[in-house]
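The next block holds one structure in the form of structure tokens; read it before the comments.
The values are calculated or read from the model by the stated rules, or taken from the named source; none is laboratory data. Just so it is clear, the structure is predicted and the values come from calculations on it, not from any experiment. Quick reminder, even Gly has a Cβ in these numbers, built from the backbone with ideal geometry, and neighbours come from all protein chains shown. Ligands, DNA and RNA are excluded from the accessible area calculation, which covers all protein heavy atoms including side chains. Shrake-Rupley method; radii C 1.70, N 1.55, O 1.52, S 1.80 Å.
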Amino acid sequence: MLKFFHPFSRCFLSSKGGSKDLEVCEEYNESNCDISDCHKLHLCIKFVVGRCSSGKCSLNHKVLSSEVKNILQSFGISLNETPRDILLSIIKSPKIQKVVEKFKSGQNEKDSSSGKQPEEITSSEKKKGETPSALSVKPKEEEKKVEKPLPIKTVWSSELRGDVTIDEICYNSVEDYCPYEEKGCWRLHCPYHFHWQIKTTLGKKQSWVNLTVEQSLALEKAFCDVNLSKVSLPILEPSASHSFDKGLLLILKGKSKWEADFDTMTLNLTSKNVTFELRRLCTETTENKRPDPCKFKWYFSDISKNWIEYGNIDSTGNENLKCNLSSKDIENHLQTRPNSPLPFQNQSYTYILDVQNMVQMNLDTNARRNIRRRPIPHLKEETDDDISGDLPSHWESMQQDERCRRATLLPSSEEYKKIDNLAKTQGASNNILKIERVQNPYVYRAFQNKVQEMKVTYKNDSSVNIRQLFHGTAPDTVPKICDENFDWRLHGTSSVAVGTVTTGNSGMARPPINTQYNLPFDSTVDNVSNPTIIVKYDKQEYYPEYIITFG
Ligand SMILES: [Zn+2]
Ligand SMILES: [Zn+2]
Ligand SMILES: [Zn+2]
């Protein structure tokens, strides 16, 4: 960003004379500003004057983004302040006050009654005795809220209402103590650096509503896995007596099964055709304060539908397809100029990345690929006493006493398509009627224990080769397989820990001894280098993952 200290720019800026000429760039707000050393702030103008409530606003809301910082510095505005105080000094600039006036007279916003002097923004007025009512908001209070969009009280993630002036989590509320807690903080106060909310109607107004910590954790865990686009929301127990839970229970229609969709950012109740907008808040970041939930990786879906992080080699293994772009580059672009396409290339093609529509376009072939932005996996594995912590995050949540569940996959889900595809590549030609996911925590844990044991024995993760294999069986044995892992030769897929292999034959009851470890081989195969038949001897070494019903 040296361009701002170019001698010409400096002369130009200083001749304009101090912070009184500080402006927000209108071109940036209207379409896109192409001026390479634009000396106006590339900040959302509505945000600056405290009027941007759109959760989907793609304009910059970060006063500490590097571009904005450079301009503020050149106008002599101290950066050694909190973002809130920096924003207040920006608002003091006469040219920006004019914009505030324009908003007041309704030129930039239909709601002409919502004007407010910038001085009022510093007001620390606080209404006493006002608690967030769960579902009923009196119209009178409603109007007052429109008049005063800035907070009069701090919003907590443990309350139902989750509307905040700045759509971020307050760093200090998580790590330390927030000095604005009394006066009313602009950001969400929360126990974690991330939180999930849904948009619904409270009273007469659209409002963001907090999900519970448990729900938020479940969504976050799945969201960190780039392979998942959908996950079921943990069901709230109707016995919950907290008023927040009661309000949420009403919104979520009791024990209904909701599914979050990260591609559309919606929470859906397919059976009743109800959809809520979904959003994830994370903490404000500065250069030296960036908690893990605020570190993002960018992925594209490659030709084999695998998600590959930018800058890595994709499933083809072709070095020429590795691009000159990293997750960090894309993230910087998103923070500074999200409306403009980001060009990049590899040795074979030229591309454009469109972070608005989350697609990558190959300018030579016109091929479009979906892209995903996900936080780096940051949630530690839960301890063993958490009953569900070690189970796959894409499983439906199960009751404490439930031994096994067969969850039918939606044909539109990525999981279904993946198994369908796997079945076809492994030679299944019949028509698939149904795919069910087998959720047996006991058998699953036994399998995981076995994998762990093999890893320890062979001191090398790669020697424990986990494969998905298909097996056919008669329908009446399926329930037994599902419950007890009784016979794994079902028509479905199993994950199998292959481990050490040697050639075997149909007469073997036990595998031969592997002299390297002085232990029996884990599996025998027809051909060690390219096995088509794998024989397992220990039933804990496979897990029946899916049941496929063919027609
Ligand atoms: Zn500009
Ligand atoms: Zn905005
Ligand atoms: Zn705060």
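Restricting 254, 184 to residues that are assigned by TED's automatic domain parsing to the domain that holds residue 272, assigned to a loop (DSSP other than H, G, I, E, B) and open to solvent by less than 10 Å² (accessible area, probe 1.4 Å) narrows the list to 184. Scanning region 164-179 for residues that are closer than 17 Å to residue 293 by Cα and within 9 Å of ligand 3 (Cβ to nearest atom) returns 169, 170, 171, 172, 173.
Residue-by-condition table, conditions (1) over 15 Å from residue 445 (Cβ atoms); (2) at pLDDT 85 or above:
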{"position": "359", "(1), (2)": "yes, yes"}
{"position": "362", "(1), (2)": "yes, yes"}
{"position": "365", "(1), (2)": "yes, yes"}
{"position": "375", "(1), (2)": "yes, yes"}
{"position": "386", "(1), (2)": "no, no"}
{"position": "391", "(1), (2)": "no, no"}
{"position": "401", "(1), (2)": "yes, no"}
{"position": "415", "(1), (2)": "yes, yes"}
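Scan region 299-328 for residues that are more than 18 Å from residue 415 (Cα to Cα), of a type in the set (Asp, Glu) and in contact with a strand residue (DSSP E or B) (Cβ under 8 Å, 6 or more places away or on another chain) and jot them down. Across region 299-328, the qualifying residues are 309, 314.
Out of curiosity, is residue 297 crowded, with 17+ Cβ neighbours inside 10 Å and in contact with a helix residue (DSSP H, G or I) (Cβ under 8 Å, 6 or more places away or on another chain)?
Details: crowded, with 17+ Cβ neighbours inside 10 Å: yes; in contact with a helix residue (DSSP H, G or I) (Cβ under 8 Å, 6 or more places away or on another chain): yes.
Judged against the criteria, residue 297 is a match.
Put simply, of 70, 32 the only residue that is within 16 Å of ligand 1 (Cβ to nearest atom) and modelled with pLDDT under 85 is 32. Restricting attention to region 187-214, the residues being in a loop (DSSP other than H, G, I, E, B) and in contact with a Pro (Cβ under 6 Å, 6 or more places away or on another chain) number 1. For region 131-162, the set of residues classified as at pLDDT 85 or above, open to solvent by 60 Å² or more (accessible area, probe 1.4 Å) and either in the same structural domain as residue 44 (by TED's automatic domain parsing) or in a loop (DSSP other than H, G, I, E, B) (or both) consists of 158 only. Checked against the criterion of being touching a helix residue (DSSP H, G or I) at 6+ places or on another chain (Cβ under 8 Å), among the polar types (S, T, N, Q), open to solvent by less than 80 Å² (accessible area, probe 1.4 Å) and not assigned by TED's automatic domain parsing to the domain that holds residue 64, region 407-425 has no qualifying residue.
The single condition from (1) in contact (Cβ under 8 Å) with a residue 24 or more places away in the chain; (2) assigned by TED's automatic domain parsing to the domain that holds residue 158; (3) farther than 22 Å from residue 159 by Cα; (4) not polar (S, T, N, Q) that residue 269 fails is (1).
When the criteria are applied in full, residue 195 fails the requirement of being open to solvent by less than 30 Å² (accessible area, probe 1.4 Å), under 26 Å from residue 250 (Cα atoms) and over 17 Å from the mean Cα position of the chain (by Cα).
Please work out if residue 268 is open to solvent by less than 60 Å² (accessible area, probe 1.4 Å), in contact with a Phe, Trp or Tyr (Cβ under 9 Å, 6 or more places away or on another chain) and assigned to a loop (DSSP other than H, G, I, E, B). So residue 268 fails the test. Residues that are surrounded by fewer than 15 Cβ atoms within 10 Å (Cβ to Cβ) and of a type in the set (S, T, N, Q) do occur in region 206-219, at least one of them. In region 245-266, the residues that are within 21 Å of residue 206 (Cβ to Cβ) form Cβ pairs under 8 Å with partners that are part of a helix (DSSP H, G or I) and open to solvent by less than 80 Å² (accessible area, probe 1.4 Å), at six or more places apart or across chains, as follows: 260/219; 260/222. Restricting attention to region 19-38, the residues being more than 16 Å from residue 61 (Cβ to Cβ) and open to solvent by less than 40 Å² (accessible area, probe 1.4 Å) number 4.
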